[in-house]
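The values are calculated or read from the model by the stated rules, or taken from the named source; none is laboratory data. Keep in mind it's a predicted model, so treat the numbers as computed, not measured. All Cβ positions, glycine included, derive from the backbone under ideal geometry; neighbour counts span all protein chains shown. For the accessible areas, the whole protein counts, side chains as well, though only heavy atoms, and no ligand, DNA or RNA atoms are used. Shrake-Rupley method; radii C 1.70, N 1.55, O 1.52, S 1.80 Å.
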Amino acid sequence: MWGDADSNGRYMDMTKKQYAIIGMGRFGSSVAKALSGMGFDVLAIDADEQRTQEISTIVTHAVTADSTDEEALRALGIRNFDVVVVAIGEDIQSSILTTLILKDLGVPAILVKAKSELHGKVLSKIGADKVIYPERDMGMRVAHHLASPNILDYIELSPDYSILDMKVSGPMLGKNLLELDIRAKYGCNVMAIRKGEEMNISPRAEDRLAEGDILVIVGRKDNLAKLEMAYL
């Protein structure tokens with residue numbers, strides 16, 4: 001069906017990366033809207049017709065279908081999509097069964113939203129390429145920002161390592177990276193310096209920091225915690 005006109009008379013562009021999002025709850029619809037806004041072809045799938053109707057004017061195509069029905073997914077040509085995101089909310093059984101079906105159909109990359117660590121472990125064992133914990137990750141970001149207003153963002157890379165965006169303020173102002181010596185003092189690495197809309201991904205030791213600058217720092221969680229406390 002892809003390459004033919006959809007119900008709105010639009011055509012899928014086969015030269016661009018294609019995404020399918022299963023589950024049009026708050027998280028799934030947000031991902032679908034963001035990808036569509038970036039110009040990608042997006043297929044939105046949900047068992048609830050009202051949800052697919054609401055998203056239909058934003059994405060390339062929206063379909064009401066049961067994602068636990070293998071034949072339904074096969075008919076949609078789901079294996080032809082580059083990435084499929086399973087964003088099913090409360091129904092853990094459907095999430096797991098959908099992931100299994102996608103794996104059996106040979107989908108190249110499967111990203112799945114998990115409700116808990118146990119759910120995530122099961123998803124990883126049955127073939128999910130990446131497990132996403134949106135509620136946990138958002139809670140972590142809010143907590144770090146509350147603890148230190150200078151922390152603008154916090155992303156977990158693995159159980160041991162994270163990356164954070166830290167606003168330059170107080171004792172950092174006017175100093176360069178050599179003077180701060182973040183690597184030696186805290187075991188963390190400054191990956192980049194953001195100045196307004198510009199991102200310097202190869203910062204030099206002599207680069208001086210000004211108000212409004214943002215440091216992108218990676219390190220072990222315990223080391224990042226020490227860094228945060230030092231610049232509260």
Next item on the list: Please identify the pairs in which a residue from region 17-35 that is at positive phi has its Cβ atom under 6 Å from the Cβ atom of a residue that is surrounded by fewer than 19 Cβ atoms within 10 Å (Cβ to Cβ), counting only partners at least 6 apart or on another chain.
Entry: none
Next item on the list: Tally the residues that are open to solvent by 40 Å² or more (accessible area, probe 1.4 Å) and part of a loop (DSSP other than H, G, I, E, B), restricting the search to region 143-157.
Entry: 2
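Restricting to region 48-62, count the residues that are hydrophobic (A, V, I, L, M, F, W, C) and either without any contact (Cβ under 8 Å) to a residue 12 or more places away in the chain or surrounded by fewer than 19 Cβ atoms within 10 Å (Cβ to Cβ) (or both). First the steps, then the outcome.
Here is the first cut: in region 48-62, the residues hydrophobic (A, V, I, L, M, F, W, C) are 55, 58-59, 62.
Keeping just the survivors that are either without any contact (Cβ under 8 Å) to a residue 12 or more places away in the chain or surrounded by fewer than 19 Cβ atoms within 10 Å (Cβ to Cβ) (or both) gives 58.
Qualifying residue count, region 48-62: 1.
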Margin query: Just to be sure I understand the filter: pairs with C-beta atoms under 8 Å, separated by 6 or more residues or on different chains, first member in region 194-223 and at pLDDT 90 or above and among the polar types (S, T, N, Q), second member assigned to a helix (DSSP H, G or I) and open to solvent by less than 60 Å² (accessible area, probe 1.4 Å). Which pairs pass?
Written below: Asn223/Tyr186
Note to self: I'm told Gly139 meets every condition in (1) at pLDDT below 85; (2) crowded, with 16+ Cβ neighbours inside 10 Å except one. Can you identify the failing condition by its number?
What the structure shows: (2)
Next item on the list: Would you please list the contacts, defined by Cβ atoms under 8 Å and residues six or more apart or on different chains, that run from a residue in region 120-144 that is closer than 13 Å to Phe27 by Cα and in contact (Cβ under 8 Å) with a residue 12 or more places away in the chain to a residue that is open to solvent by 40 Å² or more (accessible area, probe 1.4 Å) and of a type in the set (A, V, I, L, M)?
Entry: Ile132/Leu111; Asp137/Ile155
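In region 197-214, which residue that is in a loop (DSSP other than H, G, I, E, B) and either of a type in the set (Lys, Arg) or open to solvent by 60 Å² or more (accessible area, probe 1.4 Å) (or both) is nearest to Leu178 (Cα to Cα)?
Going residue by residue through region 197-214, those that are in a loop (DSSP other than H, G, I, E, B) are 197, 201-207, 209-213.
Subset that is either of a type in the set (Lys, Arg) or open to solvent by 60 Å² or more (accessible area, probe 1.4 Å) (or both): 197, 201-202, 204, 206, 211.
Numbers: Glu197: 24, Ile201: 16, Ser202: 14, Arg204: 9, Glu206: 6, Glu211: 18 Å.
If we take residues in region 197-214 being in a loop (DSSP other than H, G, I, E, B) and either of a type in the set (Lys, Arg) or open to solvent by 60 Å² or more (accessible area, probe 1.4 Å) (or both), then Glu206 is nearest to Leu178 (Cα to Cα).
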Check: In this structure, does Asp69 turn out to be surrounded by fewer than 17 Cβ atoms within 10 Å (Cβ to Cβ) and over 27 Å from Leu224 (Cβ atoms)?
Finding: yes
Next item on the list: Starting from region 100-111, take each residue that is more than 17 Å from Val122 (Cα to Cα) and list its partners that are open to solvent by less than 10 Å² (accessible area, probe 1.4 Å) and assigned to a strand (DSSP E or B), counting only C-beta distances under 6 angstrom and pairs at least six apart or across chains.
Entry: Val107/Val84
Notebook entry, point to check: Taking Asp222 and the conditions (1) over 16 Å from Leu152 (Cβ atoms); (2) in a loop (DSSP other than H, G, I, E, B); (3) of a type outside the set (A, V, I, L, M, F, W, C); (4) open to solvent by 40 Å² or more (accessible area, probe 1.4 Å), which numbered condition does it fall short on, given that it satisfies the others?
Noted result: (2)
